[in-house]
Amino acid sequence: MSLPYAATLDTISSLVPDPKLHKPRLGIVCGSGLSTLVSSLKHVVVIPYSKLEGFAESTVPGQKSSLAFGYMGKDNYPVVAMLGRFHPYEGYKPSEVTYGIRVMKRLGVKDVIITNAAGSLTRNIPIGTIVVVQDHLALPNLTGMSPTFGPLTSPEYLRFLPLGDAYSPRLRRFAFLASHDLQFPDEALTEGVYAWVSGPAYETPAEGRFLRNAGAHVVGMSTIPEVVAAREEKLEVMVLSLVTNQVIIPDTYRSIKAEVEAELAGQPIDQQEIGTVSHEEVLAVGKLKREVMRSLVERIIELVSSE
Ligand code: HPA
């Protein structure tokens with residue numbers, strides 16, 4: 001299967017007048033509700049995915065479906081940002097989900113910062129926290145849904161890709177230095193393991209408990225195909241997960257058996273409502289915290305561009 005890189009790159013050169021902007025050094029992927037990062041870009045040129053060969057159209061509310069080119073940081077550091085991404089749960093193939101990352105590599109990108117919204121699997125990581133991902137747990141990758149599954153599509157790619165070093169210590173260090181520079185409270189940023197699930201249904205309590213017991217701290221339905229493709233392309237990667245909700249993992253289950261027995265004994269038990277997660281909640285927290293995420297990414301890019 002051949003991908004239309006040449007056509008995509010031609011379209012980009014024809015629509016982005018400034019030649020320095022054709023060669024971005026850093027790429028950003030903006031998740032749900034986080035596309036306002038574009039307002040940090042100077043001399044911005046926005047190209048809708050519909051004009052770019054090989055790009056699909058994001059079907060998820062809250063995603064903008066465009067590629068933005070512009071400058072950030074010191075000495076006009078050229079940056080490209082995907083405003084909206086593609087997920088396997090929308091019906092896209094792994095090759096479509098990762099196309100933007102592979103185009104970034106061919107434009108000259110070295111570092112990628114991927115943002116997403118995620119659910120917290122532990123009370124120690126409250127809503128609003130930004131998790132700098134240190135490792136991932138990807139059940140789909142272990143069962144044949146990895147973007148590297150199948151024939152090798154380039155002689156440049158490794159057949160057996162190592163992922164033990166997927167999350168760049170260099171970039172993660174910049175995240176914590178940026179948080180310090182911005183005087184964020186200590187609890188604003190933490191580190192953790194991201195579990196990738198294919199979704200799109202949110203986790204059941206048993207699934208949430210399973211992921212937590214397996215060592216994950218947050219869970220989401222995106223990002224990991226892009227991380228794997230970025231590592232295959234030899235890019236340095238950092239992932240920032242904004243915690244938008246708690247995954248509900250009750251300590252005990254409501255027992256209908258106990259309720260019926262109590263009712264029959266004339267002593268009905270009061271039941272507490274168990275909450276549920278919604279995409280609206282995820283977007284609302286994204287909206288509330290997007291300035292925090294925007295200023296953090298902006299400062300990280302200042303640090304990268306000053307290296
Ligand atoms: N589960 C999976 N994906 C998510 C969640 C969640 O709770 N929140 C945001 N993305």
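Any read-out appearing in this document is the output of simple, stated calculations on the displayed coordinates, not a laboratory observation. Computed from a prediction, not measured in an experiment: that's the story for all the values here. Positions of Cβ are generated from backbone atoms using ideal geometry, with glycine treated the same way; all protein chains shown enter the neighbour counts.
Would you please report the Å³ per residue occupied by the convex hull of the alpha carbon atoms in the chain?
Spread over its residues, the Cα hull of the chain gives 138 Å³ apiece.
Taking 25 Å as R0, compute the FRET efficiency from the Cβ-Cβ separation of Ser2 and Asp165 and round it to 0.05.
Approximately 0.25, to the nearest 0.05.
Using only the Cα atoms of the range 1-118, build the gyration tensor, take square roots of its eigenvalues as a ≥ b ≥ c, and label the shape rounded, prolate or oblate: rounded if a/c is under 1.5, else prolate if a/b is larger than b/c, else oblate.
It is oblate, given that a/c is not under 1.5 and a/b is not larger than b/c.
Just how far, in whole angstrom, is the range 86-106 from the range 199-227 if you go by their alpha carbon centroids?
Centre-to-centre (Cα) distance: 20 Å.
Asp270 versus Ser306, label points 7 Å from Cα toward the beta carbon: distance in nm?
Those two pseudo-labels are separated by 5.6 nm.
Give the angle, between 0 and 90 degrees and rounded to the nearest 10, that separates the Cα long axis of helix 169-181 from the longest principal axis of the Cα atoms of the chain.
80 degrees
For a quick check: with amide H placed at 1.01 Å from N, whose amide H comes under 5 Å from Val239's, ignoring anything fewer than 5 positions away on the same chain?
So Val239 has HN proximity to Ile114, Val133.
Using only Cα atoms, locate the centre of the range 123-175 and the centre of the range 241-307, then give the distance between them in Å, rounded to an integer.
That distance is 24 Å.
Determine the shape class of the range 148-225: with a ≥ b ≥ c the square roots of the Cα gyration tensor eigenvalues, call it rounded for a/c under 1.5, and otherwise prolate if a/b is greater than b/c, oblate otherwise.
Cα axes put the range 148-225 in the oblate bin.
Provide the descending list of Cα extents for the range 13-57 along its principal axes, expressed in whole angstroms.
Principal axes ranked by extent give 30, 25, 16 Å for the Cα atoms.
Sort Glu280, Glu226, Glu203 by Cβ crowding within 10 Å, fewest neighbours at the top.
The fewest-first ordering by Cβ neighbours comes to Glu280, Glu203, Glu226.
Largest first and to the nearest Å, give the Cα extent of the range 196-307 along each principal axis.
72, 31, 21
Pull up all non-local amide H partners of Lys64: gap of 5 or more, or a different chain, and H-to-H distance under 5 Å with H placed in the peptide plane.
Result for Lys64 returns Gly84.
Can you give the convex hull volume of the alpha carbon atoms of the range 109-239 per residue, in Å³?
So the per-residue hull volume is 114 Å³.
If I stretch the segment between Arg173 and Asp186 completely, what's the gain in nm (0.36 nm per residue apart, minus their alpha carbon distance), one decimal?
Full extension of this stretch gives 3.2 nm more.
Which order do the peptides 165-176, 66-77 come out in when sorted by mean C-beta neighbours inside 10 angstrom, highest first?
Going from most to least packed, we get 66-77, 165-176.
What shape does the range 82-179 take by its C-alpha gyration tensor, where a ≥ b ≥ c are the square roots of the eigenvalues and a/c under 1.5 counts as rounded, a/b above b/c as prolate, and the rest as oblate?
It is prolate, given that a/c is not under 1.5 and a/b is the larger ratio.
Within straight cross-link reach of Lys74, meaning Cα distance under 13 Å, which aspartates and glutamates are found once same-chain residues fewer than 8 apart are removed?
Those aspartates and glutamates meeting the cut-off are Glu298, Glu302, Glu307.
In bins 5 Å wide, starting from 0, what share of all Cα pairs of the range 247-307 does each bin hold, as a percent?
4, 13, 12, 10, 10, 10, 8, 8, 7, 6, 5, 4, 3, 1, 0
Order these by the 10 Å Cβ neighbour count, fewest first: Ile248, Ile114, Ile224.
Least crowded to most crowded, the residues run Ile248, Ile114, Ile224.
Quick check: the angle from helix 279-305's long axis to the longest principal axis of the chain, C-alpha only, nearest 10 degrees?
Approximately 40 degrees, to the nearest ten.
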